[in-house]
Structure formats: structure tokens, C-alpha cells
Amino acid sequence: MVGDSRPIGVFDSGMGGLTVLRALAARLPEERFVYLGDTARLPYGTKSAETVQAYALQATRLLLGEGVKMVVIACNTASAVALYVLQESWDPVPVIGVIEPGASAGVAATKNGRIAVIATEGTVQGGAYARAIHLQRDDAQVVQQPCQVFVALAEEGWTDGPATLASAQHYLGPLFEGDNAPDTLVLGCTHFPVLANTIRQTIGDEIALVDSAETTAVAVADALESGGLASEGHTGAGKTIRFFATDSPERFARVGAIFLGRSIDESDVELVDLLKA
Ligand code: DGL
């Protein structure tokens, strides 16, 4: 085996971050991953910044104990409020969040400079997306909308149907009214990509729809390369992806399949207690 064969740690409040893991695994087939979903304490999106920071520290401590070479915060809420705390705490281990890559995707997609961001309450309240977008394009107009109900709909597997469509119309309709409407919508939450078809049905074909999964995978690939951390292949011994959850491996496997886009074997999900990590 050549290169740095240690795994990459990926952390989320639950299963939604598997949308990011999916993009990472597709772009980086040489790498191994350890994914932790803090399912016992989901949602993070309605909790205070201090609470999310404390949870994120506990979760990433466990990943470091598993020998990861890098931490990817797949959770938008944790990226929004805990990125700098984790970077400072775990230096020199690189810690990468999803907000900056998501902002880059939005800035690259917009033509009229008006960008809408939908996210959890916590992400919107912290204003991290607006800051990240303005750092890249200072004249951008950013409108943010919390859509916490989308998290529950996605977890329920209600990726389409009347309830999901009605929720999408309720949240998104007003965002795109009038002559000065945004031309780009950033899905600023791990759970929202699985609702993309219903969202598209609501906003029409003209609005660019972007999420941070792909751009985060690019950022991780760059960081591996520049840090001399890239693996050049694994031997096939051991699993390519290991899953940890803080509650019900059965539910993690069942609901996680919606986000990962393939089935997960319950026996591959290890139950962990972060308070003992
Ligand atoms: N993972 C969270 C995020 O991306 C969504 C779910 C939650 O509220 O914990 O913001």
C-alpha cells in the first residue's frame, strides 16, 4: 500500500451526511472512510451554538481515536457553528466543513448575484452561508430561509408526495416571487439533496440548484493532495467504509440507505457512546 492509508473521518448529526460521504467515496475511490452519525442527539439544527460545539468536539474526538487523518464535518449546522473550534482543537489534523464549498457552488452558479440559501434554523441564525458567500462575491444578495421541517420529511423517506410538495411550496414559493428573485438556490443542509425533485418541481427549471456535496469532495481532494495525505489504494483488507451511530444501528441502516443511495447492512453499523469516547 502506498501513500497515507489512514481513513478520513466524516461526521454528521445523523444520516443526512451520507449524501456528502457518497460524493466523497465517488471522487476518492482510493480512500477509506469512518462515518459517525450522532443519531441519539439529532437534530442539531434546533440547538444552540454552544451545545452543537460540545457535541461536535465529542464526535470528532471519537473519530480521531479511530486514527483518521482528516475530519470532514458533513453537517451544515456543525460546520456553521463549530468549524473554527474543531480546527483549533485538533490542529494539525485538517478539519473541513461544508459551508465554504456550498457557498462556492452558489457563487459559481449565479448569474444575477442573487442567491437563496435554505438550511436549518441554527445554520440560518449563525449567518455562516451569507458570510462565506460575501467573502467570495461581496455584491451578492443573499436571502436565507430555515426549512427545519424538510429534515423530518427526508428522515421519514417522504422525498416526494403531497406533504413534501406543500412544505416546499410554503417555504420556497415566497423566496422566488417578483422581478428581483434569486436565480440560484443553495441546499444548505445535508438532508435536502434527497428532496431535490420536489424542490425542482416547486421552483421550476430556471433556478440553479446546488448543494455542497460535490464541492466538498473537491475541497477534500485538494486538501489531501496539498497535505501529502492522499492514499494511493487500499489492499482490500477491512471495510472501505465503517459506520458508527450513537443510537439504533437498525434505524441508521434503514434510513441511511435513502441518503447513501445504496443499502447499508445493520451489522456494519457500530453503536457508540460519545460520553465515554
Ligand atoms: N445535519 C444537519 C445539517 O446539515 C441537518 C439535521 C440536523 O438538524 O441535525 O444542518
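We did not get these values from a lab; they are worked out from the coordinates using the rules stated. A quick note: this is a predicted structure, and the numbers were derived from the prediction, not measured. Glycine gets a Cβ as well: all are built from the backbone with ideal geometry, and neighbour counts include every protein chain shown.
Dipole size of segment 14-146 about its Cα centre, with +1 on Lys/Arg Cβ and -1 on Asp/Glu Cβ: approximately 300 debye, rounded to the nearest 20.
Give the calculated FRET efficiency between Gln201 and Ala221 to the nearest 0.05, with a Förster radius of 22 Å applied to their Cβ-Cβ distance. Intermediate results must be reported in sequence, preceding the final value.
On the way: r = 32 Å, r/R0 = 1.48.
Efficiency, rounded to the nearest 0.05: 0.10.
May I ask you to order 37-50, 110-123, 14-27 by the average number of other C-beta atoms within 10 Å around their residues, highest value first?
Working: 37-50: 20.0, 110-123: 21.7, 14-27: 24.1.
Peptide ranking by packing, descending: 14-27, 110-123, 37-50.
Comparing Gln125, Val20, Asn180 along the charge dipole axis of the chain, the residue lying farthest to the positive side is Val20, per the Cβ-charge model.
Residue by residue, segment 15-26 carries 3J(HN,Hα) couplings of 9, x, x, 5, 5, 6, 4, 4, 5, 5, 5, 5 Hz when phi is fed to the Karplus relation 6.51 cos²θ - 1.76 cosθ + 1.60 (θ = phi - 60°); x denotes Gly or Pro.
Sorting Leu83, Leu209 by the number of Cβ atoms found within 10 Å of their own Cβ, with the fewest placed first, yields Leu209, Leu83. Around the amide H of Thr39, modelled in the peptide plane, lie the amide H atoms of Thr246, Asp247, all under 5 Å away and 5 or more residues distant in sequence or on another chain.
Dividing the summed helix terms, -39500 (n - 2.57) for each DSSP H run of n ≥ 4, by the number of residues in the chain produces a 222 nm estimate of -13000 deg cm²/dmol to the nearest 500. Rounded to whole numbers, the Karplus 3J(HN,Hα) couplings from phi for segment 126-143 are x, x, 5, 5, 4, 4, 5, 5, 5, 5, 8, 8, 6, 8, 5, 9, 10, 10 Hz, using 6.51 cos²θ - 1.76 cosθ + 1.60 with θ = phi - 60°, and x at Gly and Pro. Placing +1 on the Cβ of every Lys and Arg and -1 on the Cβ of every Asp and Glu, with no other charges, gives the chain a dipole of roughly 240 debye about its Cα centre. Charging the Cβ of each Asp and Glu at -1 and of each Lys and Arg at +1, and nothing else, the dipole of segment 162-277 about its Cα centre rounds to 400 debye.
Calculated over the chain, the projected area of the Cα convex hull averaged across directions stands at 13.8 nm². Relative to the longest principal axis of the Cα atoms of the chain, the long axis of helix 213-226 lies at roughly 40 degrees.
Using the Cα atoms of segment 1-151 to build a convex hull, what is its mean projected area in square nanometres? Walk me through the intermediate numbers first.
Numbers: hull surface 37.6 nm².
Averaged projected area of segment 1-151's Cα convex hull equals 9.4 nm².
Principal-axis analysis of the Cα atoms of the chain puts helix 162-172 at an angle of about 70° to the longest axis.
So for His191, His134, fewest C-beta neighbours within 10 Å to most, what's the order? All intermediate terms of the calculation are to be shown ahead of the outcome.
Working: His191 29, His134 16.
Going from least to most buried by this count: His134, His191.
Here is the list for segment 151-198: GluC sites (Glu not before Pro) lying in DSSP coil, each with at most 15 other C-beta atoms within 10 angstrom of its C-beta, are Glu156, Glu177.
Report the gain in length on full extension from Glu266 to His134: 0.36 nm times residue separation, minus Cα-Cα distance, nm rounded to one decimal.
Details: separation 132, 0.36 × 132 = 47.52 nm, distance 4.25 nm.
Extending this stretch completely gives an extra 43.3 nm.
Computed over segment 144-277, relative contact order equals 20 percent, with contacts defined as Cα pairs under 8 Å that lie 6+ residues apart.
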